[in-house]
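Enquirer: One structure follows; several queries about it will come next.
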Amino acid sequence: MNSNKNIIQINQLFKQYKEADYFSVNNLNLSIEEKEIYGLLGPNGAGKTTLISMLCGIIKPTSGNFSINNLTYEKNAFEIKKTIGVVPQEYALYPTLTARENLLYFGSMYGLKGKILKEKVTLALDQLGLLKFADKKIETFSGGMKRRINLIAGILHEPLILFLDEPTVGVDVQSKNVIIDYLRELNAKGTTIIYTSHHLTEAQDFCTKIAIIDRGTIYAEGTPSELIQSTTGAHNLEDVFISLTGKELRDDV
Amino acid sequence: MMYKLWMSVYKEFLLLKRDFGGLIILFVMPLVLIITITLIQDSTFRTVTESKIPVVLIDNDKDEISKSVIENLNKSGQFEIVSSLDGKNLTENSAKEAVFKGKFQLAIIIPENLSKDLQLKVNQNVDKIISNFGIGDLSEEPKKDSLPQIINKKEVRLYFDPATQATFKSNVKSSIDKMISQIETKSIYATFQEQLGEGEEPIFEQESFITFKEIVPTVDNKEILPNSVQHNVPAWTLFAIFFIIVPLSINIVKEKGQGTQIRLLTNPVPYSIVIAGKTITYLVICMIQFYLMVLVGMYLFPYLSLPTLDLDGKFFLMSVVALFSGLAAIGFGILLGTIAKTQEQSAPFGATSVVILAAIGGVWVPVFAMPKVMQVISHISPMNWGLNAFYDVLLRKADAVEILPEIFLLLLFFIITIFIAIQYDKKKRAV
């Protein structure tokens, strides 16, 4: 029996954008336990990024509520932001600043400073194989290097919960492996990871629990093996995904 | 929180330092602007005082009046008289053609027999007055051939280059009008003198009875005579300070595009700290711009044969005005950057709005010379408040208390624009 507490609790969550005639998140209910590596998988426009944006406090829900570590944005926005780390889909970095300058800045925004901040930056750069590029400008980095810096910027303060929106998109296998290994280490130290991706094989190997989300609603939830076993004829997560979300193209507008 | 603010300021400085093009726009362009504008404005001023404008003069009179006109034109030092073009003597038609094609700005055509006819007309009038007063020689019968001759009115014709500015035309017309009136008056006095005077003793004082004198403000018994530099430097410094709107709004729009703003939104840092970081950095930039322009006015202008900027002990108050003007500009820049979605929106809008604010603020045309509606509108331009405060300090010798209303308005503008920016940002995130 699992004794972990729910670190994220979502109840009847709706989100409709101003000019849209549909709900991007539609009556979504979800519980995520602490120390989980929770994968949110779905086709383009399924509502994954919208859900993560709400959980990170970037946008507000149309209705419904959720709590993070038993705190809500209405009452404890500042406290929640101290406990979460966010790795957005885009390289959210200043291209003309060096890797170190970017990390020192974003680390300081989490309240880190002085020697501790500098040491954390150096250690993370070293762990992700970027120490020798620490004083190079981000604009000179490859996609994989930028992805790794993007990740470090979200984890310097050792967050309780880490949101990752497609953290390995557009990177080579080597960079992807370094990122995934590093995330596993973080999780082993107690960080709950909420992760979105289109790499289903990666998700199958990496996540402890997965929700297949489409049209703003959760279609199925469970461990990767539970999902495969519960879907007739499925051999892997991709079969489950196609079975639940269909084969038609999902162009995201 | 102070460390977060410090790091925000440091980050903004690093971003600016790495943007060479941006630095040129921020520091070099305002200096180029102020030097160019002051040179042009000062040259316009000197057009009337030092350099000579070539003027075509067609003298069909060749007598006293035309001599007097030529003498007065030469004496004024403003004009260089031209009577031929490409080795050929100019006629009224060729002069007209040359002026209308823009080869000269002005042609003056003095009609034939002007001196003779003016003298005849004056003689007739003086004779009539004298005989009406019964002063003349009544025993003498009027001779048949001295019956009043009909003298047609004379016309001095002026041709202007169509591209000539209205102010210049009006100045020239009024100078020539004044010159002709003086000649007429002199002629009348001379005729009276001839008719009534005995010997060489003048019976009239021919000098003007009424004169005027401009009384300028004095400080410590020293007259304060503002020059073109003291008008131009504050006005164009303010214009340059407000141009901070463009790079600042681009900076904010870029952060949205790069995704760094999204990251900041998820950080435990209030948006006010992010804004304060930008405000402090760009305010320092504004002040550096201001001091550079003051230094140029004080030390470079004399080498360009321009008058020296004399701050006359008002350096501190001028700095205060620059500081609050900078705050107003930064508030507007942050608001624009928050609302604009792309650099294509923020850059042209920012630049155009600075030009509009300058125009309605009185940087180009003084507010008193504007139509009534624009005069009212000018009072809501922060550039007008800044300019007034600069002029109050530098030209009207106001003290700190006297500029408080303008300083307050500039600060209020900053607070309101920042408040709107924060509210807009909050509302946008609720989408």
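Enquirer: Looking at the stretch A:108-133, which of the residues that are surrounded by 19 or more Cβ atoms within 10 Å (Cβ to Cβ) and within 14 Å of another protein chain (Cβ to nearest Cβ) is nearest to B:ILE273 (Cα to Cα)?
Expert: If we take residues in the stretch A:108-133 being surrounded by 19 or more Cβ atoms within 10 Å (Cβ to Cβ) and within 14 Å of another protein chain (Cβ to nearest Cβ), then A:MET109 is nearest to B:ILE273 (Cα to Cα).
Enquirer: Identify the residue in the stretch B:3-17 that is under 13 Å from A:GLU101 (Cβ atoms) and surrounded by fewer than 19 Cβ atoms within 10 Å (Cβ to Cβ) and, among all such residues, is farthest from the other protein chains (Cβ to nearest Cβ).
Expert: Step by step, filter the stretch B:3-17, then rank; the result is B:PHE13.
Enquirer: Looking at (1) in a loop (DSSP other than H, G, I, E, B); (2) crowded, with 19+ Cβ neighbours inside 10 Å; (3) within 12 Å of chain B (Cβ to nearest Cβ), which is the only condition A:ASN102 fails?
Expert: Against the list (1) in a loop (DSSP other than H, G, I, E, B); (2) crowded, with 19+ Cβ neighbours inside 10 Å; (3) within 12 Å of chain B (Cβ to nearest Cβ), A:ASN102 comes up short only on (1).
Enquirer: Sticking with this one: Which one is nearest to the chain's Cα centre (by Cα) among residues in the stretch B:341-380 that are assigned to a helix (DSSP H, G or I) and hydroxyl-bearing (Ser, Thr, Tyr)? Reasoning before the result, please.
Expert: Restricting attention to the stretch B:341-380, the residues satisfying the condition of being assigned to a helix (DSSP H, G or I) are B:343-361, B:367-369, B:372-378.
Pick out the ones that are also hydroxyl-bearing (Ser, Thr, Tyr) and you get B:346, B:352-353, B:378.
Details: B:SER346: 30, B:THR352: 21, B:SER353: 21, B:SER378: 17 Å.
If we take residues in the stretch B:341-380 being assigned to a helix (DSSP H, G or I) and hydroxyl-bearing (Ser, Thr, Tyr), then B:SER378 is nearest to the chain's Cα centre (by Cα).
Enquirer: Then there's this: Would you call B:GLY313 modelled with pLDDT of 90 or more and either in the same structural domain as B:GLU255 (by TED's automatic domain parsing) or in a helix (DSSP H, G or I) (or both)?
Expert: Values: modelled with pLDDT of 90 or more: no; either in the same structural domain as B:GLU255 (by TED's automatic domain parsing) or in a helix (DSSP H, G or I) (or both): yes.
The answer is no for B:GLY313.
Enquirer: Considering only residues that are more than 21 Å from A:LEU186 (Cα to Cα), more than 12 Å from every other protein chain (Cβ to nearest Cβ) and surrounded by fewer than 17 Cβ atoms within 10 Å (Cβ to Cβ), look in the stretch A:32-63 and name the one that is modelled with the lowest pLDDT.
Expert: Ranking the qualifying residues of the stretch A:32-63, first place goes to A:ASN44.
Enquirer: Quick test for you: out of B:VAL373, B:VAL363, pick the one residue that is surrounded by fewer than 20 Cβ atoms within 10 Å (Cβ to Cβ) and more than 23 Å from B:GLN261 (Cα to Cα). Before the answer, list the steps.
Expert: Working: B:VAL363 fails: surrounded by fewer than 20 Cβ atoms within 10 Å (Cβ to Cβ).
Going through B:VAL373, B:VAL363 in turn, the sole match is B:VAL373.
Enquirer: Somewhere in the stretch A:79-89, is a residue more than 13 Å from chain B (Cβ to nearest Cβ), hydroxyl-bearing (Ser, Thr, Tyr) and either crowded, with 22+ Cβ neighbours inside 10 Å or under 26 Å from A:LYS35 (Cβ atoms) (or both)?
Expert: To start, the set of residues in the stretch A:79-89 that are more than 13 Å from chain B (Cβ to nearest Cβ) comprises none.
The answer is no; no qualifying residue exists.
Enquirer: What's the total number of residues in the stretch B:95-132 that are within 23 Å of B:LYS52 (Cβ to Cβ) and crowded, with 17+ Cβ neighbours inside 10 Å?
Expert: We begin by selecting, within the stretch B:95-132, every residue within 23 Å of B:LYS52 (Cβ to Cβ); these are B:95-110.
This time we only want the ones that are crowded, with 17+ Cβ neighbours inside 10 Å, so: B:95-96, B:98-99, B:104-110.
The total comes to 11.
Enquirer: Right, next: May I ask you to list the residues in the stretch A:64-73 that are of a type outside the set (A, V, I, L, M) and more than 12 Å from chain B (Cβ to nearest Cβ)?
Expert: Residues of the stretch A:64-73 that are of a type outside the set (A, V, I, L, M), as a first pass: A:64-67, A:69-70, A:72-73.
Passing the criteria: A:GLY64, A:ASN65, A:PHE66, A:SER67, A:ASN69, A:ASN70, A:THR72.
Enquirer: Okay, next question. Just for helices (runs of 4 or more DSSP H) wholly inside the stretch A:136-241: which have at least 3 residues that are modelled with pLDDT of 85 or more?
Expert: Details: elements: A:143-155, A:173-188, A:200-206, A:224-230.
By residue number, A:143-155, A:173-188.
The values are calculated or read from the model by the stated rules, or taken from the named source; none is laboratory data. From a predicted model like this one, the values you see are computed outputs, not experimental measurements. No Cβ is skipped: glycine too gets one built from the backbone with ideal geometry, and neighbour counts run over all protein chains shown.
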